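The values are calculated or read from the model by the stated rules, or taken from the named source; none is laboratory data. Note that the coordinates shown come from a computational prediction; the quantities given were computed from them, not determined experimentally. Virtual Cβ from ideal backbone geometry, glycine too; neighbours counted across all protein chains shown.
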Amino acid sequence: MVKTVESWVAENPYLKKNVPVLVGVSGGADSVVLAHVLHKLGFRITIAHCHFNLRGTDADVDQKFTKDLASAMEVPFFTVKFETQVYADTRKVSIQMAARDLRYFWFEKLCKENKLAQIAVGTHLTDNIETFLFNAAKGTGLSGLRGIKPQNGSVIRPLLNIGKEEIYTYAKSEGLVWREDLSNQSIKYHRNKLRHKVLPVLTEINPNLEATFQRNFERLSRVDAFVVDQMKTIWNTWVVQEDKGLKIAIEAIKNHPFSDVVLNYQLKEFGFNAVHVKNLLQAIQGQPGTMVSSVDHHIYIDREFVFIQQKRFFSAGNGFKVTEFLGEIKEPLHLKFEDHYADDIKIVANIKRVFLDFDKLKFPLHLRHWKDGDKFSPLGMKGKKKISDLLIDLKIPKHEKQNIWVLESGSEICWVVGLRSSNNFKIDSQTKRVYSVEWMA
């Protein structure tokens, strides 16, 4: 076991021997063996243990056990208690997912606070096989079948090529003591069903199941790396970076035989899933104006292009108060404010600069995102007009409408920024002072 891990460390750049490492120890055989092997190899380890408040006195005993283990090994020790059930209920996730999130958030926090650059956990080959089966049963792409990565960010898994039985054999041969989590025997959890019901049957079919899976993982990992590299190359030929997001020619998507594969992979980082991609591919066949949304991004399908932009979240009350201010602001928009005597300034038509009669304004002005129902009196027109109608008249694309701002005086809109000013604040023969606002876009 020690030689296996030592060889793995020598062959892989993930775990560095001269860098202190945080070891997550639950008290089970896997994590106890991991801590023991790394300590034996001369790593400077720190043990961290999570108490999830889920297993009553058993969890209390686990916590004391790991503290005593750290003391016996004469290494630093940290522990924490989480309200895991509350976290899961609040975020509407499973207990397993809640525990995972809490554990890794805390590990990262400990690393920052204690200058620890590496986190080692006891994930092993049998865990990897269970993950493969779980993903295959629930539905996944190639990346879900390649198995768990040996390294993900700062998290490293030195036992990933070692099976559960080998871990037990080592622990017994070294006279190690560990804690058994009785919940691992309950088949109410999906993973436990795979462990106790499915894996024994597969092992009957293939007694060398773990070795076979290890070879499969190695091959699938290489294939996945190749496919990802090809998809990124294709994506980079499609995408045009713009100030407000990404633009892709619809013809490029239509003309590629595996556009669905590329989109499914590349759009994941923007929060889109397979259903979103299916809707997108249907829309580009003749539904311009369609918008597909994830939690924080929009995809807008125009006639020739697909636009991917981050959502901008503004409530009606948000914005920026502008007092009788002269100079520049850069947030939320880059604007330049100036005050002039009417006789000293030449009014030049410019959609990015508005000239307002200072004495007609009520300060502070309010710069905010437009909202449905907004009306104003456009310069050169009689009566009022809805801003939504103005945007239609000006053929503002749907995906651009979320980026429109208004400057408000009292309860009246004096400027739809970059588009149209209001009649009610126009310069006339009686104007003495001119307040100009320029959008430095």
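Summary table
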| read-out | value |
| --- | --- |
| Boolean, Leu246 is part of a strand (DSSP E or B), under 23 Å from the mean Cα position of the chain (by Cα) and surrounded by 12 or more Cβ atoms within 10 Å (Cβ to Cβ) | yes |
| Criterion violated by Leu367 - all others in (1) within 21 Å of Met440 (Cα to Cα); (2) among the aliphatic types (A, V, I, L, M); (3) in a loop (DSSP other than H, G, I, E, B) satisfied | (3) |
| Filter result for Gly147 (touching a helix residue (DSSP H, G or I) at 6+ places or on another chain (Cβ under 6 Å) and in a loop (DSSP other than H, G, I, E, B)) | yes |
| Unmet criterion (only one of (1) more than 30 Å from Arg303 (Cβ to Cβ); (2) outside any loop (DSSP other than H, G, I, E, B)) for Asp428 | (2) |
| Top-ranked residue of the stretch 151-164 - restricted to ones that are within 21 Å of the chain's Cα centre (by Cα) and not in a strand (DSSP E or B), ranked as surrounded by the fewest Cβ atoms within 10 Å (Cβ to Cβ) | Gly153 |
| Matching entry among Ile148, Ile156 (being within 18 Å of Ile45 (Cβ to Cβ) and of a type in the set (Val, Ile, Thr)) | Ile156 |
| Residue match in the stretch 400-413 (condition: modelled with pLDDT of 90 or more, crowded, with 18+ Cβ neighbours inside 10 Å, among the hydroxyl-bearing types (Ser, Thr, Tyr) and out of contact with any Leu (no Cβ under 6 Å at 6 or more places or on another chain)) | no |
| Within the stretch 385-415, tally of residues that are part of a strand (DSSP E or B) and β-branched (Val, Ile, Thr) | 2 |
| Filter result for Leu394 (buried (at least 18 other Cβ atoms within 10 Å of the Cβ) and hydrophobic (A, V, I, L, M, F, W, C)) | no |
| Every pair of residues 6+ apart whose Cβ atoms lie under 9 Å, when the first sits in the stretch 342-366 and is under 19 Å from Ile329 (Cβ atoms) and outside the structural domain of Gly410 (by TED's automatic domain parsing) while the second is among the basic types (Lys, Arg) and modelled with pLDDT under 90 | none |
| Selection count, the stretch 92-121, where residues are among the small types (Gly, Ala, Ser) and modelled with pLDDT of 95 or more | 1 |
| Test: Glu412 is among the acidic types (Asp, Glu) and touching a Gly at 6+ places or on another chain (Cβ under 9 Å) | no |
| Test result for Glu324, over 38 Å from the mean Cα position of the chain (by Cα), at pLDDT below 75 and farther than 22 Å from Gly380 by Cβ | yes |
| Test result for Ala72, more than 28 Å from the chain's Cα centre (by Cα) and farther than 22 Å from Val9 by Cβ | yes |
| Selection from the stretch 111-129 of residues that are touching a residue at least 12 places away in the same chain (Cβ under 8 Å) and either surrounded by fewer than 16 Cβ atoms within 10 Å (Cβ to Cβ) or touching a His at 6+ places or on another chain (Cβ under 7 Å) (or both) | Asn114, Lys115, Ala117 |
| Pair list, Cβ < 8 Å and 6+ apart or interchain, from the stretch 296-314 residues that are within 22 Å of Val406 (Cα to Cα) and at pLDDT 90 or above to residues that are of a type in the set (Ser, Thr, Tyr) and buried (at least 16 other Cβ atoms within 10 Å of the Cβ) | none |
| Selected residue (criterion: modelled with the highest pLDDT) from residues of the stretch 367-382 that are among the basic types (Lys, Arg) and either farther than 13 Å from Val406 by Cα or buried (at least 18 other Cβ atoms within 10 Å of the Cβ) (or both) | Arg368 |
| Qualifying helices (runs of 4 or more DSSP H) (wholly inside the stretch 1-88; at least 2 residues being at pLDDT 95 or above, touching a Phe, Trp or Tyr at 6+ places or on another chain (Cβ under 9 Å) and farther than 20 Å from Arg157 by Cα) | 56-73 |
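One line per residue, one yes/no per condition, for (1) surrounded by 14 or more Cβ atoms within 10 Å (Cβ to Cβ); (2) more than 16 Å from Phe107 (Cα to Cα):
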residue: His49; (1), (2): yes, no
residue: Asp58; (1), (2): yes, yes
residue: Asp68; (1), (2): no, yes
residue: Val86; (1), (2): no, yes
